[in-house]
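This report refers to the structure that appears directly beneath it.
The values are calculated or read from the model by the stated rules, or taken from the named source; none is laboratory data. Since the model is a prediction, treat every value here as computed from it, not as a measurement. For neighbour counting, all protein chains shown are included, and Cβ atoms are generated from backbone atoms with ideal geometry for every residue, glycine included. Remember, those area values only see protein heavy atoms, side chains included, never the ligands or the DNA or RNA. Shrake-Rupley method; radii C 1.70, N 1.55, O 1.52, S 1.80 Å.
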Amino acid sequence: YTLGLNRTNISAYVEQNLLLRDLTVSAGFVATKNTWSDMKMRVYPGVDVSYRPHPNWTLHASYNTSLRMPSFTEMYYKVQGYSADPHLKPEEMSAVELGINCQLSIINCQLCLWHHHGTNMIDWIMDTSQGDAAVWQSVNHTTINSYGLEAGFNLQCPMPNGQSSMVNRQWSKFSLQCHYSYINQDKEQEEGIVSQYALEYLRHKLVANARMPIIKHLTLGLDFRWQDRVGSYTDFDGKACDYEPYALVDARLTWQQPKWKVYVESNNLFDTRYRDYGLVEQPGRWLIAGFGLRI
């Protein structure tokens, strides 16, 4: 080896938990110092609070801060097509979150709102306007504010009590889940700039799945996913292309017996052509059949 670098990190943390009947509080901080770039001692506090005003309702709130040092790859990786910056600054993040969870009969619902404030966020970007001379460069984004929400519900039919019909016993196996997330950033991608991390994210994502009985021993499972990614990728001609939203459906039929089962499954049931990340087109429809035996 002809090159090397030493970096020493020193950290200490303090945490205190308060546990009451309906209230939980956890607070503390981390103090850290890194010898790289003459970094001074820094303190990162955090607090989490959970309150239950009713047996079926829970409220929670949190504020946390964090630090991430640039990796050696992000600072020194220089091969064809990549140009790292040895003077990268460490990235810092502060996060605020508010949420509620409630149990209403057979439905459990969740809602969460959050805000992230990031400074010196580390990323790899490429300026496609440079044509064949374009390379991936490691950079610091000065400030990025992200806002988001997550919402969802789980529905589970209860098991019947005492004597019940076969139909009721079958539909006690029915379940439905649905979850949605939304993210927005105040920093927009510039024309022709492609980001690998900080500026590429899922603005919308919806996931739902259902498990339902058809007849005795036969169950149908359906999974749905729709997502819309912010950002772009470069095609084979070096042109920046925006991601397109897409939806996928998976299905599975299962014949279940106490000691064995057979199933038929289709991934990407409607043969959707899509790109999830980067230039690579993802597979179309997959058909799978299988058998399971419990000994």
Among the residues of region 185-213, write down those that are of a type in the set (Asp, Glu) and open to solvent by 50 Å² or more (accessible area, probe 1.4 Å).
Asp186, Glu188, Glu190, Glu191
Give the residues of region 75-102 that are open to solvent by 70 Å² or more (accessible area, probe 1.4 Å) and in a strand (DSSP E or B), sorted by residue number.
Tyr82, Leu98
Report the residue count in region 130-188 for those that are closer than 28 Å to Leu98 by Cα, modelled with pLDDT of 80 or more and not in a strand (DSSP E or B).
2
Take region 1-57 and flag every residue that is part of a loop (DSSP other than H, G, I, E, B) and of a type in the set (A, V, I, L, M).
Leu3, Leu5, Leu20, Met39, Met41
Take the residues in region 58-74 that are in contact with a strand residue (DSSP E or B) (Cβ under 8 Å, 6 or more places away or on another chain) and not in a strand (DSSP E or B); name whichever of them is surrounded by the most Cβ atoms within 10 Å (Cβ to Cβ).
Pro70
Test: Asn140 is on the phi < 0 side of the Ramachandran plot and either in contact with a Pro (Cβ under 9 Å, 6 or more places away or on another chain) or exposed (fewer than 14 other Cβ atoms within 10 Å of the Cβ) (or both):
yes
Wholly enclosed strands (runs of 3 or more DSSP E) of region 218-295 bearing at least 3 residues open to solvent by 40 Å² or more (accessible area, probe 1.4 Å) and closer than 27 Å to Ile183 by Cα
218-230
Of everything in region 15-31, what is surrounded by 10 or more Cβ atoms within 10 Å (Cβ to Cβ) and within 23 Å of Thr65 (Cα to Cα)? Give them in sequence order.
Glu15, Asn17, Leu18, Leu23, Thr24, Val25, Ser26, Ala27, Gly28, Phe29, Val30, Ala31
Residue among Thr73, Thr58 that alone is under 30 Å from Asn6 (Cα atoms) and of a type in the set (Ser, Thr, Tyr)
Thr73
Taking region 105-114 only, how many residues are touching a Phe, Trp or Tyr at 6+ places or on another chain (Cβ under 9 Å) and exposed (fewer than 14 other Cβ atoms within 10 Å of the Cβ)?
1
